[in-house]
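Structure, as structure tokens:
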Amino acid sequence: MNDVEFACEQRFACTPEQDNEYSRWAGVKAQLRPHHFRAKAVKGPLAKWWSMPDSAVCDKCNHTSHTRVCPSCHNELPRTIDTDEQIIVALVGTRGSGKSTYIGVLIHEMIKHMFLPFGGTFQLYGDEDQRQYRDRFERSLYIDHTPIPQTQRHVTTGSGRGKDDRPILGMLKMQSGGMMKKMKIQTLVFFDSAGEDWVDQTALNVVANYLEHAAGIIFLIDPLANANVLGRIGDMSKVAGSIGANDTDNDSLQAEVLVRAANCIRVGKGLKENQKIDIPVAVAFSKLDALEENNMLPRGSQITKPSPHVQFRHFDDNDRLAVDGEMRGLLSSWGEADFLAVLDQNFSHTSCFAFSALGRQPENGMIQPPAPRRIEDAMLWILHERGIL
């Protein structure tokens, strides 16, 4: 904790210098960035190795800085890193399951209105998090109206990871009800991995760090990768742009990727093979609109009804149970009973969901402004399981 470094906030009084740590992490040539330094060590009975200093005096210009950075990569740390709870939400899935579109629309909904009925707000942390969200998600979805490009692999043959691999951090503030209103703050960390990362052991060693410490895992599945589902699509031209529809080999990888994820967690936590993992896992089916348009859902389906959680200002577990049962029935009818077995054998807290991030399929390479349906359900369930909602 006390190994934290600080970035000088005086851009004119303190000359920028080459930042080898950040450049090594980002995989770029050395760049000029603010001077970094550590707080002076405190000796004697006041020394606390488990605490993190909140400010330090620059050893060059003598100005006080409150900008804390990671000593390994020099990324700015959340302001409340030593006081709030960090909740890592890991997104897992094969190529084309829609993870980037999901996280782009979900964060937009979280910022705009998702937590307001619960007495909460959500904001991205700093300039870098806002830039990441704007460049990787918002520009495509809400400005250019084009599908998001495929996520790049987190481990490549290049010299660095690339700064666009950085997880996105946000601050969730929840105010309790009653006479003594208290503000509780959580740091939400969103980690979006490329589908190819789950079939390469070197890449798995990187993403395993996030899985091991995750508060919840959202496992995305593209139903169009299933041959049984694809065979019932009436107009194939409407799903021609779907990676899953053009690569049904992804269907056979679902259970394999789930096993790989479970193995990563077991190794990190030192669990035996017969011990279930207690991290909540939400299995979320993307492209709900395609299922509904092709009459693949039962009459009176709970999935087609509006999500009740935000509307009624509390998490409705009865709705969650109904959706879970319906999706498990569909999975079995699609020949995915083996996936359900693997899921329940490895994890103790699981639930199935369905959503549409865009609300409709892209046409001619363009998308309409996102009109998501039930995109909030999986995230709210994880927060509910963690006692936050």
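Taking the Cα-to-Cβ direction at L116 and at Q345 and moving 7 Å from each Cα, how far apart do the two end points lie in nm?
Using points 7 Å along Cα→Cβ, the separation is 4.7 nm.
For Q368 paired with L321, estimate the spin-label separation in nm (one decimal), with each label point 7 Å from Cα along the Cα-to-Cβ line.
Each label point is offset 7 Å from its Cα along the Cβ direction, giving 3.6 nm.
Work out how much length I185 to E9 would gain on full extension: take 0.36 nm times their residue separation and subtract the Cα-Cα distance, in nm to one decimal.
Residue separation times 0.36 nm, minus the Cα-Cα distance, leaves 60.8 nm.
Give, in nm to one decimal, the length gained when the segment between N62 and T146 is fully stretched (0.36 nm per residue of separation minus the Cα-Cα distance).
25.4 nm
Could you give the length gained by full extension between R38 and N209, i.e. 0.36 nm per residue of separation minus their alpha carbon distance, to one decimal place?
59.0 nm
Working with all protein chains in place, sort T187, T121, T67 by solvent-accessible area computed with a 1.4 Å probe, largest first.
Most to least solvent-accessible, the answer reads T121, T67, T187.
Could you order V69, V28, V267 so the one with the most accessible surface comes first? Probe is 1.4 Å.
V267, V28, V69
Past 24 Å, Cα to Cα: identify those pairs from K112/K287; K112/K305; K40/K269; K112/K184, in the order given.
Among K112/K287; K112/K305; K40/K269; K112/K184, the Cα-Cα distance tops 24 Å for K40/K269.
Keeping every protein chain in place, order Y142, Y133 by accessible area at 1.4 Å, biggest value first, i.e. largest first.
The ranking, largest first, comes out as Y142, Y133.
Roll a 1.4 Å probe over the protein heavy atoms and report the accessible area of L297 in Å², nearest 10.
My reading of the accessible area for L297 is about 30 Å².
The values are calculated or read from the model by the stated rules, or taken from the named source; none is laboratory data. Remember, predicted model here, so these are calculated numbers, not experimental data. Note that we place each Cβ from the backbone using ideal geometry, even for glycine, and neighbour counts take in every protein chain shown. Just so you know, the surface numbers come from the protein's heavy atoms only, side chains and all, with ligands and any DNA or RNA stripped out. Shrake-Rupley method; radii C 1.70, N 1.55, O 1.52, S 1.80 Å.
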